[in-house]
Amino acid sequence: MKNIYLIGMPSSGKSTLGKRLARELMYFFVDTDRMIIREEGRTIPEIFSQSGEVYFREAEARVLRSIRPGGSQVIATGGGMPCFHDNMAYIKATGVSIFLDVSPEAILARMQVHAQEYPADATDRPLYNPYDDELLGTLRQKYDDRIDIYRQADITITGDATVQAVLDRLGDWL
Ligand SMILES: Nc1ncnc2c1ncn2[C@@H]1O[C@H](COP(=O)(O)OP(=O)(O)OP(=O)(O)O)[C@@H](O)[C@H]1O
Ligand SMILES: O=C(O)C1=C[C@@H](O)[C@@H](O)[C@H](O)C1
Ligand SMILES: [Mg+2]
């Protein structure tokens with residue numbers, strides 16, 4: 001069966017929803033950030049600080065192309081992945097894509113709540129510091145920069161997505 005790609009900003013719910021969706025469909029679940037961490041044997045902040053973002057984007061493109069098409073997998077992609085190395089064209093050519101469209105304001109709130117609940121995770125995303133006063137501005141800028149690519153997804157779900165809403169929209173795509 002076709003692979004399903006979840007795309008969208010960090011904290012848009014790709015991992016949370018992806019795991020539930022995979023369970024419902026009896027698909028495998030994979031997370032490209034996790035694949036990179038495993039392949040590199042380093043955390044994402046370590047990759048960014050030691051090797052730079054350009055290196056990270058190359059690793060992303062490589063990992064994406066290593067996933068078997070037609071493998072019945074739900075794939076949570078990194079927040080920036082569709083926007084580099086023609087990855088969005090590759091995603092569209094190899095599966096069904098779903099954009100979780102969550103506003104920068106809602107993302108900010110989620111990141112802040114998450115940082116309070118799990119302070120150890122606060123440094124997980126090198127581009128987004130939950131304690132930075134400028135975070136909302138950063139999120140708005142990234143969202144604006146990326147939205148034209150994200151909107152190329154086959155399906156867009158706006159706001160809080162439920163598994164049932166995604167299954168309804170997936171309909172004939174699978
Ligand atoms: N529909 C939702 N409503 C409110 N909070 C949510 C929702 N979905 C996920 N969250 C919360 O937002 C945070 C990020 O969710 P999740 O890890 O699924 O996002 P993500 O898109 O995979 O992020 P990343 O790109 O960092 O991997 C978590 O704390 C999660 O509990
Ligand atoms: O939005 C981004 O560019 C990123 C999102 C995360 O999923 C990671 O892929 C990394 O922290 C970069
Ligand atoms: Mg995730």
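Where a number appears in this text, it was derived from the coordinates with a stated rule and is not lab data. Given the structure is predicted, the values throughout are model-derived calculations rather than measurements. For neighbour counting, all protein chains shown are included, and Cβ atoms are generated from backbone atoms with ideal geometry for every residue, glycine included.
Data table
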{"item": "Net dipole in debye of the chain [+1 Lys, Arg Cβ; -1 Asp, Glu Cβ; about Cα centre; nearest 20]", "result": "660 debye"}
{"item": "Neighbour-count ranking [beta-carbon atoms within 10 angstrom, fewest first] of VAL63, VAL163", "result": "VAL163, VAL63"}
{"item": "Relative exposure of ILE149, ILE98, judged by other C-beta atoms within 10 Å (fewest first)", "result": "ILE149, ILE98"}
{"item": "Kirkwood-Stokes translational diffusion coefficient of the chain, alpha-carbon pairs, 10 °C, 1.306 mPa s, µm²/s", "result": "97 µm²/s"}
{"item": "Volume in Å³ per residue [convex hull over Cα atoms, computed for the stretch 125-174]", "result": "117 Å³"}
{"item": "Percentage relative contact order, the chain, counting C-alpha pairs under 8 Å, at least six apart", "result": "33 percent"}
{"item": "Listed residues GLY71, GLY13, GLY79, most fluctuating in the chain (Gaussian network, C-alpha, under 10 Å)", "result": "GLY71"}
